[in-house]
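Here's the structure we're looking at; comments come further down.
The values are calculated or read from the model by the stated rules, or taken from the named source; none is laboratory data. Since this is a predicted model, take the numbers as computed values, not measurements. All Cβ positions, glycine included, derive from the backbone under ideal geometry; neighbour counts span all protein chains shown. Remember, those area values only see protein heavy atoms, side chains included, never the ligands or the DNA or RNA. Shrake-Rupley method; radii C 1.70, N 1.55, O 1.52, S 1.80 Å.
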Amino acid sequence: GEGKPMDEIAAGMVRGIQSTGLLADVKHFAANSQEKDRLGVNERVSERALREIYFPAFHACLKAGAKTVMSAYNKLNGIPCAMNEWLLTKVLREEWGFDGFVVTDWGGDNDHALGVKNGSNLVMPVPGPDCALGLVKAVQEGRVSEKDIDQRLKELLAVVYSTDEAMKKAPKTFDKEAHHALARKCAAQSIVLLENDGVLPLSGDEKVAVIGDFGKNPRYQGAGSSMVNPTDLDDLYTSLISSGVTITGFAQGYDRKNPNPVQAMIDEAVAVAKDAPLVLLCIGLDEIAESEGMDRLHMELSKSQQELVKAVAAVNQNIVLVVSGGSPFVMPTGCRAIIHGYLGGQAGSAAMADALLGKVLYTTSCAMKNSFAMNDNIR
């Protein structure tokens, strides 16, 4: 039921977004549980499971005032969500009192006329003439009534008009540097230290090697529809140099677009790591592993990264894993410390440099055997 932490977080996001006059779109309604065959899969779920497991987060968002809901690609108990009367009308509007509009996922409208009849308001990304002509034909054939269309328009336009004043007042420019600084602070507060034998924090006087593609080309965001265009983008290599750290060498180590090891890259990484006092090994899940439209088939890192870790560990015992990624995976062992930045956004690498140097406080894993001793220069 409502009240669970994740439901409360979602509801808080809705309130925050809509406090600006903009709209929060809650998706994907409902039972959107897999990416494989996401356009055609039939999710068979009992009503009790829907109400106890799948619906509460949506209901919490609607009680927080969300004005738009996106229907899911999948079928729910045999009926596509975008034209599911029970889902979009009986539950969403009649039971929960939703007074906003329903938008399809991109290209997920199925039978557009039946969607309009059963509670769907807006087709995305581009309705096109076939949608309008199809509605006219459906009315002529008696499949959809003009009353249905009028109702969908009332629901849609009421919300659209409500945002008009906010859009007029919206600033046309913003302080990019201030936003980047805030992104850095948010990223720093999200970093988690998973293991540490005392090697962290760095004093700043160490000489370190940076190995791994993510060290210069950060894995800072998702893939597919979650991609954004950053106004600026920090990388760990440059951020460490800016903080006064001496870097003895860099090696890419792996090709993030190729899951198989590239021996020349591993050999270069071994050469860089061999004589380095300390190695910052930047690994994690790449964009392909976490892209929408496909499901992961295993919990392992790519073979290229696994082989890289083994090769570097064979020549240097002083390794700090700097980890990126948005999903769980099997963590390599045998390193002196592991620090996780997740998907830190455009300023995440600068935040990671701050964390490595002990300039910021952050969460430590309850599984750690040793506490993280901070520097005196905590900010």
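What to note about this one:
- Estimated at the nearest 10 Å², the accessible area of Cys81 is 0 Å² with a 1.4 Å probe.
- Only helices enter this figure: runs of n ≥ 4 DSSP H residues, each worth -39500 (n - 2.57), summed and divided by the residues of the chain, yield -9500 deg cm²/dmol at 222 nm to the nearest 500.
- Charged side chains reduced to their Cβ positions (Lys and Arg at +1, Asp and Glu at -1) give the stretch 277-361 a dipole of some 420 debye around its Cα centre.
- Between helix 5-18 and the chain: long-axis angle, C-alpha atoms, 0 to 90°, nearest 10: 70
- Probe 1.4 Å, protein heavy atoms only - accessible area per residue of the stretch 107-168 in square angstrom: 60
- Acute angle (nearest 10 degrees) that the helix 303-315 long axis makes with the longest principal axis of the chain, alpha-carbon atoms: 20
- Taking the longest Cα principal axis of the chain as reference, the axis of helix 263-274 is set at about 50 degrees.
- Rounded to 5, percent antiparallel among DSSP beta bridges of the chain: 15
- Averaging the Cα positions of each part gives two centres, and for the stretch 1-30 and the stretch 339-355 these lie 25 Å apart.
- For the stretch 263-302, a crude dipole built from +1 on the beta carbon of Lys and Arg and -1 on the beta carbon of Asp and Glu, taken about the Cα centre, is about 200 debye to the nearest 20.
- Summed side-chain charge close to Ser304 - residues other than Ser304 whose Cβ falls under 15 Å, Lys, Arg +1, Asp, Glu -1: -3
- Order by protection proxy (mean Cβ within 10 Å, highest first), peptides 16-27, 136-147, 87-98: 87-98, 16-27, 136-147
- The distance linking the stretch 284-319 with the stretch 147-194 is 35 Å (Cα centroid to Cα centroid, whole angstrom).
- Largest first, the residues Leu297, Leu280 sort by 1.4 Å accessible area into Leu297, Leu280.
- Rounded to the nearest 10 square angstrom, Trp106 shows an accessible area of 130 square angstrom against a 1.4 Å probe.
- Toward the positive end of the charge dipole of the stretch 200-240, with +1 on the Cβ of Lys and Arg and -1 on the Cβ of Asp and Glu, the farthest Cα among Leu236, Pro218, Pro201 is that of Pro218.
- Taken about its Cα centre, the chain carries a charge dipole of about 380 debye when Lys and Arg each add +1 at the Cβ and Asp and Glu each add -1 at the Cβ.
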